[in-house]
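Working notes, structure below.
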Amino acid sequence: MTDAFIDATARLDAGAVVGRGAHIGPYCVIGRDVTIGDGCRLEAQVHIAGHTTIGPRTRIAPFASLGGPPQSTRYRGGATTLVIGADCDIRESVTMNVGTEDGGGSTVVGDRCLIMVGSHVGHDCRIGHDVTFANNVVLGGHVTIGDHVFLGGQAAVHQFVRIGESAMIAGVSGVSKDVIPYGIAIGFRAALRGVNIVGMKRRGCAREDIRAVWRAYRMLFHGDLAFEQRRAVVEREFPGHASVGKILDFVRLSRTRSLMMAGRSGKSADDSADAGL
């Protein structure tokens, strides 16, 4: 606990490890199997339990509860874990659970994630780097989220769903099927509505790369051919293209019934008149 500040009202079990320069604010409660990284800041009234590791320089706002037992009837009390990466910003009343014995044993959150007020990360989830949750996003257990994903406020993701990198989920959307990398999902029962062009631009993707992803999306999810035939066309059209290849690899790992398809009504979010390509 060298150079750490620990408020006199905080409660740390004897086994807890607090890194250099960490700040533990008033009324925080830290369990015996918790490791707080260097330079972390727990503002006040933060509860961290279980076998939980917080990466360096992560900030945690009041009333967050991290490392609690899974909300699963199959959990048997094992020493499963929650691992949160470096430089995250975890806001008020966020909850995250440790993993389950049958689900890999660990819940993992990557680096530089912004998890806003009231969000929940269920057991055995895998969240990539640079992910943003707006207020009150909820994940069921075993969800996998790629890097640079954005989830709008009050989005809800069903257990076992995968969301590919750089996808965007609109607010108040229910996601029950896998969302391809770079996709946009919108709706109460969400459907694909286009490509996250804005997100790709913010990441610095080249115009040609964005155009290729947009074209591949249109070929894959629109047209008269059967889906497997459309996929074969995309594979022939974009051999060796890295970003399109990520979409194709993602699709191969999804059973057809669990892959989110494009909506059949309403205007696409990336209609060619608005795509800016």
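Please treat every number below as a calculation from the coordinates, not as lab data. The structure presented is a predicted model; accordingly, all values stated were derived computationally and were not measured. Backbone-built Cβ (ideal geometry, glycine too); neighbour counts: all protein chains shown.
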With eigenvalues of the C-alpha gyration tensor scaled by 5 and rooted, the stretch 5-142, Å: 22, 17, 13
Angle between the chain longest axis and helix 227-237 axis [Cα atoms, degrees, rounded to 10]: 90
Residues with amide H under 5 Å from that of residue 109, placed H, sequence gap 5 or more: 83, 84, 85, 127
For the stretch 2-80 and the stretch 203-238, distance of Cα centres in Å: 45
Calculated from backbone phi, Karplus (6.51, -1.76, 1.60) coupling profile of the stretch 135-146 in Hz, x at Gly/Pro: 4, 6, 6, 10, 10, x, x, 6, 7, 10, 10, x
Assigned charges on the beta-carbon of Lys, Arg, Asp, Glu; the chain dipole about Cα centre (debye): 760
Estimated Rh, the chain: Kirkwood, alpha-carbon pairs, angstrom: 19.6
J(HN,Hα) series, the stretch 50-55, from Karplus relation 6.51 cos²θ - 1.76 cosθ + 1.60, nearest Hz, glycine and proline x: x, 8, 10, 10, 10, x
For the stretch 201-258, fraction of C-alpha pairs farther apart than 17 Å, in %: 37
Residues with amide H under 5 Å from that of residue 162, placed H, sequence gap 5 or more: 144, 178, 179
The stretch 1-144, relative contact order in percent, only Cα pairs under 8 angstrom and at least six apart counted: 15
Helix-only mean residue ellipticity at 222 nm for the chain, each DSSP H run of n ≥ 4 adding -39500 (n - 2.57), per residue, nearest 500: -4500 deg cm²/dmol
